[in-house]
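Working notes for the structure below.
The values are calculated or read from the model by the stated rules, or taken from the named source; none is laboratory data. Note that the coordinates shown come from a computational prediction; the quantities given were computed from them, not determined experimentally. Here the Cβ positions follow ideal geometry from the backbone for every residue, glycine too, while neighbour counts run over all protein chains shown. Side chains included, ligands, DNA and RNA excluded: accessible areas come from the protein's heavy atoms. Shrake-Rupley method; radii C 1.70, N 1.55, O 1.52, S 1.80 Å.
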Amino acid sequence: GGIGLAILKEFICLNKGVIQIVSDAGYYAVRSEGMFKNEYSNSFPGTMINLTFRTDDNNSYALSDEITDLF
């Protein structure tokens, strides 16, 4: 949780990338189409995080407090 994860989720949706997290008996994914959750009957002994970014994305991204009004 926290602001960092919220910013990352927003960027992933804009960039059409993917966040995937597997931990214990759960799976969580964020894509531009939405969030997906699943629970498994077996436990995964650890945590695995996969981040996929589209590097062919020509858009520029900035936080709203980074944008300076030039007019």
Against the definition (at positive phi and without any contact (Cβ under 8 Å) to a residue 60 or more places away in the chain), how does residue 34 come out, yes or no?
yes
Pairs where the first residue, in segment 46-59, is touching a residue at least 12 places away in the same chain (Cβ under 8 Å) and the second is in a loop (DSSP other than H, G, I, E, B) and surrounded by fewer than 10 Cβ atoms within 10 Å (Cβ to Cβ), C-beta under 9 Å, 6+ apart:
none
Which of the residues spanning segment 27-49 are open to solvent by less than 100 Å² (accessible area, probe 1.4 Å) and within 16 Å of the chain's Cα centre (by Cα)?
27, 28, 29, 30, 31, 32, 34, 36, 47
Can you find a residue in segment 50-71 that is open to solvent by 100 Å² or more (accessible area, probe 1.4 Å) and under 10 Å from the mean Cα position of the chain (by Cα)?
no
Quickly run through segment 30-51 and pick out the residues that are of a type outside the set (Val, Ile, Thr), assigned to a strand (DSSP E or B) and under 26 Å from residue 64 (Cβ atoms).
31, 34, 35, 51
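Let's see how each residue does on (1) in contact with a strand residue (DSSP E or B) (Cβ under 9 Å, 6 or more places away or on another chain); (2) charged (D, E, K, R):
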| position | (1), (2) |
| --- | --- |
| 11 | no, no |
| 16 | yes, yes |
| 22 | yes, no |
| 28 | yes, no |
| 41 | yes, no |
